[in-house]
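Written below as structure tokens is the structure these notes are about.
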Amino acid sequence: MRDVVVIGTDTDAGKTTFSLLFLAAFGTEFAYWKPVETGPSDTETVRRLLPDTTIFPPHARFETPVAPPLAAAIAGQRMPPPRDVARQKPASPQPLLIESFGSPLSPFTDEELQTEFLRELRAPLWLIGSSAVGAVGRTLQAVRSLKAEGLSVSAVILLGDSDEYAVGQIQRHEPQLTVVSLPRPREWTAEGIREAAGGCREQLATLRASRIEPTPLAENELIAHDRQFVWHPYTSLCDPLDPLPVVSAEREFLNLADGRRLIDASSSWWTILHGHRHPPLMHALRQATRSLDHVLFAGATHPHAVELAGMLLRSTPWDGGRVFYSDNGSTAVEVALKMAYQCWCHRGETQRTLFVGFDDCYHGDTFGAMAVSRDPVFFGRFEPLLFRTARVPVSAERLDEFLANHAAEVAAVIIEPLVQGAGGMKFYTPAELWAIWEVTRRHGVLFIVDEVMTANRMGTIWAFEQAGVSPDLICAAKTLTGGVLPLAATLASPNVAHAFDTADRTRTFFHGHSFTANPLACAVAVANWKLIEGGTWKCDAERINRFWHAKLPGARICGTIAAVDVPASGGYLAEVGPKIRQLAIEHGVLLRPLGNVVYAMPPLCTSDESLARIADVMRHVVTPRSL
Ligand SMILES: *Cc1c(COP(=O)(O)O)cnc(C)c1O
């Protein structure tokens with residue numbers, strides 16, 4: 001059962017005429033809803049001509065026949081925003097035929113166009129046009145401008161004299177569309193409508209059938225095939241829980257195949273920054289697909305990578321530096337480790353083979369990253385294969401003690417600034433970070449900040465900014481594209497880059513990945529970084545931080561993260577983790593506890609209402625009697 005939205009190439013295209021024809025043919029199967037009306041009421045016309053149809057009243061109705069925000073103002077009122085109107089969609093046992101007003105780009109409120117509303121309705125669009133002269137151009141123009149807005153039309157209906165040529169042309173240029181031509185009723189009476197509908201029942205039936213999009217797999221089949229063919233990260237092949245079948249996402253929400261909607265409280269493994277399918281980022285992606293898919297990055301370049309590198313370097317405390325691209329956080333770390341060691345080699349200090357990490361740190365799942373993290377649960381199995389590293393508590397004094405004895409063999413110290421994420425959301429202060437950095441300066445070792453999780457989550461672009469330190473290497477990944485596509489960058493300070501500034505080819509940094517600096521990912525990252533430079537996102541980061549302070553007293557809070565420890569034994573493998581996840585899902589929130597640590601790190605767009613829901617669920621799951 002799928003709803004359909006009727007839109008028109010322009011105001012008088014014949015949306016209501018079409019609705020009448022369609023409902024006359026299949027009126028008992030569908031219900032009619034025109035959510036926003038101005039001027040003479042189409043709802044009343046439908047009611048008068050087709051009294052047997054189920055009709056839901058408009059949500060907003062104004063007398064003056066002008067754009068809704070203006071008509072509302074004349075009536076001394078305001079148009080509610082698109083999202084609110086979409087939420088009022090009637091719960092109807094039959095699918096709805098939803099008629100839009102005016103044209104798709106008509107103003108909905110003073111700030112938003114109707115396209116925003118169409119997006120919220122999440123139903124296929126049927127475009128009504130007239131078969132009069134110019135039909136092909138007019139229709140294609142409308143279809144393509146909607147596509148540029150990320151809205152896809154599924155059918156085109158030309159009203160008027162039958163025009164085989166126009167139908168053929170539209171079909172040829174937009175082959176995925178269902179295109180039909182329908183006669184206009186001879187007279188606007190119940191009889192006239194029924195007669196016209198009877199004459200084109202076949203075309204109307206084609207349209208009705210086109211609503212059922214061929215879904216690749218039914219939900220139960222999807223899960224069964226998943227369990228047969230797919231291997232999921234950090235998941236046992238015998239996991240008792242089925243994976244969640246996610247079919248779409250927007251803002252802070254994930255939509256499941258069975259109609260459930262979950263709040264993505266941990267931003268899909270900390271990647272989604274602004275929200276799912278954030279319009280400026282999706283727009284940048286669509287634009288970028290028009291020119292370049294991918295190109296090798298050795299001996300070739302492209303504007304997106306260059307523009308992004310410039311922006312990234314502008315955000316650092318350095319004057320200069322270089323950006324090395326890869327495609328995930330672990331490789332960003334590998335690159336930093338390899339660069340740090342090779343940098344020392346170029347300076348004639350080949351003995352510096354030791355890296356220093358901190359207790360409970362996490363830097364990724366590849367070998368170098370595992371070696372510096374050495375988490376016993378995640379990586380204990382690989383211990384015999386990992387190279388020698390050192391680990392100290394997060395403490396400037398302890399690092400100082402260690403370096404006092406070993407500085408000459410140390411290439412670099414690597415740290416997650418302010419928050420140790422996967423290690424259990426452990427926080428420490430900017431002052432402590434500053435003191436640790438100062439120790440590395442004193443002992444003359446390189447300082448790598450792994451900002452893969454912390455960038456843009458702490459209310460500043462980089463977490464290390466808050467400590468006023470200047471690292472030698474910066475690793476970025478997760479939110480670099482706002483979470484849309486995989487992309488990572490290792491930023492090298494001028495002093496590191498300088499060591500490679502030589503024509504001696506044996507001193508090349510021999511490292512690269514097939515998808516280094518993928519142009520589509522870089523284009524989205526540029527759009528994301530423009531938003532970040534714009535700075536308005538900081539208001540949301542502050543709003544979320546304030547919300548946690550107000551509504552989760554007792555939680556550990558840092559930036560947009562709130563974490564609570566559930567008293568339980570077992571660390572990451574604690575039994576409570578999966579139970580908490582299940583319980584939260586039942587309350588509409590997707591949490592992924594780190595063992596007994598329950599935390600939220602929602603996308604920046606998350607509404608106060610959704611934050612409240614997350615806070616309620618967190619409070620609920622940590623009370624022992626609920627588990
Ligand atoms: C997630 C993470 C990584 C690894 O990034 P991937 O893209 O998952 O390889 C590295 N460092 C930190 C701090 C992380 O949170």
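The values are calculated or read from the model by the stated rules, or taken from the named source; none is laboratory data. Given the structure is predicted, the values throughout are model-derived calculations rather than measurements. Cβ atoms come from the backbone with ideal geometry, glycine included; neighbour counts cover every protein chain shown. Heavy atoms of the whole protein, side chains included, go into the accessibility calculation; ligands, DNA and RNA do not. Shrake-Rupley method; radii C 1.70, N 1.55, O 1.52, S 1.80 Å.
Tabulated values for the structure
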| item | result |
| --- | --- |
| Residues of the stretch 371-400 that turn out to be within 12 Å of the ligand (Cβ to nearest atom), touching a Phe, Trp or Tyr at 6+ places or on another chain (Cβ under 7 Å) and closer than 18 Å to Thr235 by Cα, as a count | 1 |
| Those residues of the stretch 589-602 which are in contact with a strand residue (DSSP E or B) (Cβ under 8 Å, 6 or more places away or on another chain) and either part of a strand (DSSP E or B) or open to solvent by less than 10 Å² (accessible area, probe 1.4 Å) (or both), in sequence order | Val589, Leu590, Leu591, Val597, Val598, Tyr599, Ala600, Met601, Pro602 |
| Subset of the stretch 241-257 (residues that are at pLDDT 85 or above and either part of a loop (DSSP other than H, G, I, E, B) or touching a Cys at 6+ places or on another chain (Cβ under 6 Å) (or both)) | Leu241, Asp242, Pro243, Leu244, Pro245, Arg251, Glu252 |
| Every pair of residues 6+ apart whose Cβ atoms lie under 6 Å, when the first sits in the stretch 181-203 and is in the same structural domain as Leu50 (by TED's automatic domain parsing) and among the hydroxyl-bearing types (Ser, Thr, Tyr) while the second is surrounded by fewer than 17 Cβ atoms within 10 Å (Cβ to Cβ) and in a loop (DSSP other than H, G, I, E, B) | Ser181/Ser162 |
| Sole residue being open to solvent by 50 Å² or more (accessible area, probe 1.4 Å) and within 20 Å of Ser248 (Cα to Cα), chosen from Arg144, Arg138, Arg119, Arg78 | Arg119 |
| Qualifying positions in the stretch 296-311 - within 20 Å of Phe510 (Cα to Cα), within 26 Å of the chain's Cα centre (by Cα) and among the β-branched types (Val, Ile, Thr) | none |
| Flag for Arg61 being open to solvent by 40 Å² or more (accessible area, probe 1.4 Å) and assigned to a strand (DSSP E or B) | yes |
| Residues being on the phi > 0 side of the Ramachandran plot and small (Gly, Ala, Ser) - total across the stretch 247-288 | 4 |
| Selected residue (criterion: surrounded by the most Cβ atoms within 10 Å (Cβ to Cβ)) from residues of the stretch 428-476 that are more than 12 Å from the ligand (Cβ to nearest atom) and charged (D, E, K, R) | Asp472 |
| The stretch 211-240: number of residues that are charged (D, E, K, R) and modelled with pLDDT under 85 | 4 |
| Helices (runs of 4 or more DSSP H) enclosed by the stretch 280-385 - at least 1 residues per element that are at pLDDT below 95 and over 23 Å from Val413 (Cβ atoms) | 376-379 |
| Enumeration of residues in the stretch 261-276 that are charged (D, E, K, R) and modelled with pLDDT of 95 or more | Asp264 |
| Matching residues, the stretch 14-53, being in a helix (DSSP H, G or I) and either touching a Gly at 6+ places or on another chain (Cβ under 7 Å) or within 20 Å of Phe117 (Cα to Cα) (or both) | Lys15, Thr16, Ser19, Asp42, Thr43 |
| Of all residues making up the stretch 137-162, the number that are assigned to a loop (DSSP other than H, G, I, E, B) and in contact with a Leu (Cβ under 6 Å, 6 or more places away or on another chain) | 1 |
| Residues of the stretch 97-116 classified as in a strand (DSSP E or B) and closer than 19 Å to Gly14 by Cβ, total | 3 |
| Out of Ser92, Ser100, sole residue that is crowded, with 21+ Cβ neighbours inside 10 Å and under 34 Å from the mean Cα position of the chain (by Cα) | Ser100 |
| Strands (runs of 3 or more DSSP E) fully within the stretch 424-496 counting 1 or more residues that are more than 26 Å from the chain's Cα centre (by Cα) and free of Cβ contacts under 8 Å to residues at least 60 places away in the same chain | 446-450 |
| Candidate set from the stretch 147-173 (those that are in contact with a Lys or Arg (Cβ under 9 Å, 6 or more places away or on another chain) and modelled with pLDDT under 90); member that is surrounded by the fewest Cβ atoms within 10 Å (Cβ to Cβ) | Ala148 |
| Subset of the stretch 603-614 [open to solvent by less than 10 Å² (accessible area, probe 1.4 Å) and over 17 Å from Arg261 (Cβ atoms)] | Leu604 |
| Test: Gly275 is farther than 30 Å from Leu386 by Cα, touching a residue at least 12 places away in the same chain (Cβ under 8 Å) and either among the small types (Gly, Ala, Ser) or buried (at least 18 other Cβ atoms within 10 Å of the Cβ) (or both) | yes |
| In the stretch 332-358, residue farthest from the ligand (Cβ to nearest atom) [restricted to those that are open to solvent by less than 20 Å² (accessible area, probe 1.4 Å) and in contact with a Lys or Arg (Cβ under 8 Å, 6 or more places away or on another chain)] | Trp344 |
| Index of the failed condition, Leu204 passing every other in (1) in a loop (DSSP other than H, G, I, E, B); (2) closer than 23 Å to Leu125 by Cα | (1) |
| Enumeration of residues in the stretch 497-531 that are open to solvent by 60 Å² or more (accessible area, probe 1.4 Å) and of a type in the set (A, V, I, L, M) | Ala503 |
| Criterion: in the same structural domain as Ala422 (by TED's automatic domain parsing), open to solvent by less than 70 Å² (accessible area, probe 1.4 Å) and not hydroxyl-bearing (Ser, Thr, Tyr) - qualifying residue of Ala298, Ala265, Ala305, Ala257 | Ala305 |
| Only one of Ile557, Ile580, Ile614 that is outside any helix (DSSP H, G or I) and within 30 Å of Val377 (Cα to Cα) | Ile557 |
